[in-house]
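The values are calculated or read from the model by the stated rules, or taken from the named source; none is laboratory data. All values derive from a computational prediction rather than experimental measurement. All Cβ positions, even for glycine, are placed from backbone atoms using ideal geometry, and neighbour counts span all protein chains on display. Please note that ligands, DNA and RNA were not included when accessible areas were found on the heavy atoms of the full protein model with its side chains. Shrake-Rupley method; radii C 1.70, N 1.55, O 1.52, S 1.80 Å.
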Amino acid sequence: MSVKPLREGGPAARIAVIAGDGIGKEVTPESVKAIRAAITSARRQIEFVEFDWGADKFLREGVSLPAGAVEMLANEFDAILFGALGDPRVPSNQHAADILLGLRFKLDLFVNARPVELFHERLTPLRERSANDIRFMVFRENTEGLYVGVGGFFKKDTPDEIAVQEDVNSRKGVERIIRHAFDYARRNQLKRVCMSDKSNAMNFAHDLWQRVFKQVLQEYPEIESRHLYIDTLAMEVVRDPRQFDVIVTCNLFGDIISDLGAQLAGGLGLAPSGNIHPGRTSLFEPVHGSAPNIAGKGIANPLGSILTSGMMLDFLGWKSEGDALRSAVRSALQENFVTPDLGGDKGTVEVGDWIAKRVADR
């Protein structure tokens, strides 16, 4: 499904590119290169528009997310390809919070989608697990929970200091992410959805999750529905990841369990994500962060960003092109044409060039 009507006389898709900070500036161009290779062979058209939002602009101009930026992105773009944010010159990371969290909340990107897929057996720390054993999707509620910033301090910086952080859950927010998980399972002919909470301890907020889950699952009788407390889920994902197809949970728990899943599949360097509102402008970013310790050395791993680009192409309705990017990444791992973090000796641009050529030659 294309997220917006095709523009008459214009490109089929218009993509905002925000490379950001650190290695985001290095891996994002490799993703754009791979996308161009995929769409050229398919005779599709994309217009990329770059924005310099990041630490440099913040330090130079005091501007993080410019006025009117959210409305412009929502009205003029189909998707946002994001790099990474975070720079030691901005210790507070204020610009990163303004830009990334600002876009998540203001564009109402309530779905954080984190696929967990093992592309090569040598990458998992689990013993005797094949690629078929580790393949599931984590859906994290992305606009509520403990991340909304509701709370405060009392008697700060005194021995009697109290810090309060409130967990905000609306019925609308809980229902739409749970329903999205079931819809995804049905659309992709997956058999199992697991909802995870901590309702035995959080007996108000997660009682709501329990009640909504039990209501929604009745509409999907063909799908096996299961509930696990988050601590049990973490243990079970490590013990036997084969038992999961789709996991849905709250903002905090989704953040944690998706990173655990990423490690089982080879680490954050291979972890893509999408911040999605179906039918609206959505944002796609690799999970690895800005990694300032290796920025500028030419060794950053671009595969997470390229896999993220594959998710973006899926979102645009161009699944065959998304599959081409994933297939090329799988081939690079099989042939060990990868950066040092994955056991190879190639540079960022070398890997990007190799992926683009593999996609173009497919």
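Phi angles across region 250-257 convert, under the Karplus curve 6.51 cos²θ - 1.76 cosθ + 1.60 with θ = phi - 60°, into 3J(HN,Hα) values of 7, 4, 5, 5, x, 4, 6, 5 Hz, Gly and Pro given as x. Note on region 10-159: antiparallel DSSP beta bridges, both residues inside, total approximately 40 percent of the bridges counted. With unit charges on the beta carbons (Lys and Arg positive, Asp and Glu negative) and the dipole taken about the Cα centre of the chain, which residue among Asn275, Ile223, Ala74 sits farthest to the positive side? The residue sitting farthest along the positive end of the dipole is Ile223.
Over the chain, DSSP H runs of length four or greater, each weighted -39,500 (n - 2.57), average out per residue to a 222 nm ellipticity of -11500 deg cm²/dmol. For region 271-281, putting each phi into the Karplus relation 6.51 cos²θ - 1.76 cosθ + 1.60 with θ = phi - 60° gives couplings of 9, x, 7, x, 10, 10, 10, x, x, 10, 4 Hz, in residue order, rounded to whole numbers and with x for Gly and Pro. Restricting region 114-160 to GluC sites (Glu not before Pro) that sit in a DSSP loop and have at most 15 other Cβ atoms within 10 Å of their own Cβ leaves Glu128. Between amide H atoms placed 1.01 Å from N, distances below 5 Å from Val138 occur with Arg114, Val116, Ile247, all of them 5 or more places distant or on a separate chain. I need the shape label for region 253-296. Rule: rounded when a/c is under 1.5, else prolate if a/b > b/c, else oblate, with a, b, c from the alpha carbon gyration tensor. Note, shape of region 253-296 comes out oblate. State whether region 55-108 is rounded, prolate or oblate according to the following rule on the C-alpha gyration tensor (a ≥ b ≥ c being the square roots of its eigenvalues): a/c under 1.5 gives rounded; otherwise a/b larger than b/c gives prolate, and the remaining case gives oblate. It is prolate, given that a/c is not under 1.5 and a/b is the larger ratio.
Work out, step by step, the length gained on full extension between Ser41 and Asp259: first 0.36 nm times the residue separation, then minus their alpha carbon distance; give nm to one decimal. Intermediate results must be reported in sequence, preceding the final value.
Numbers: separation 218, 0.36 × 218 = 78.48 nm, distance 3.40 nm.
In short, 75.1 nm is gained.
About its Cα centre, the dipole of the chain is roughly 860 debye, where the only charges are +1 on Lys and Arg Cβ and -1 on Asp and Glu Cβ. Note on the chain: GNM, Cα springs under 10 Å; of Pro159, Pro272, Pro125, the largest mean-square fluctuation is that of Pro159. Using each residue's phi in region 188-204, evaluate 6.51 cos²θ - 1.76 cosθ + 1.60 at θ = phi - 60° and report the 3J(HN,Hα) Karplus result to the nearest Hz, with x for Gly and Pro. These are the phi-based 3J(HN,Hα) values: 9, 6, 9, 9, 9, 10, 10, 9, 10, 8, 9, 5, 6, 10, 9, 7, 10 Hz. When DSSP beta bridges are restricted to pairs lying wholly in the chain, around 40% turn out antiparallel.
In the chain, a dipole from Cβ-located charges (positive for Lys and Arg, negative for Asp and Glu) runs towards its positive end, and of Phe315, Gly83, Ala96 it is Phe315 whose Cα lies farthest in that direction. For the chain, the residue among Phe105, Leu190, Gly343 whose Cα projects farthest onto the positive side of the dipole built from Cβ charges is Leu190. Extension gain, Asn336 to Ser130: 0.36 nm times the residue separation minus the Cα-Cα distance gives 72.4 nm. Distance cut-off 25 Å, Cα to Cα: go down the list Lys57/Lys346; Lys198/Lys319; Lys106/Lys172; Lys57/Lys357; Lys191/Lys214; Lys106/Lys297 and report the pairs above it. Checking Cα-Cα distances, Lys57/Lys346; Lys198/Lys319; Lys57/Lys357; Lys106/Lys297 exceed 25 Å. Taking every protein chain into account, the accessible area of the chain amounts to 44 square angstrom per residue (probe 1.4 Å). Taking amide H atoms as placed 1.01 Å from N in the peptide plane, the amide H of Phe48 lies under 5 Å from those of Ile15, each 5 or more residues away in sequence or on another chain.
In a simple Cβ point-charge model (Lys, Arg +1; Asp, Glu -1; nothing else charged), region 147-251 has a dipole of about 440 debye relative to its Cα centre. What shape does region 75-205 have by the C-alpha gyration tensor, where a ≥ b ≥ c are the square roots of the eigenvalues, rounded means a/c under 1.5, and otherwise prolate means a/b greater than b/c and oblate the rest? Prolate, since a/c reaches 1.5 and a/b exceeds b/c.
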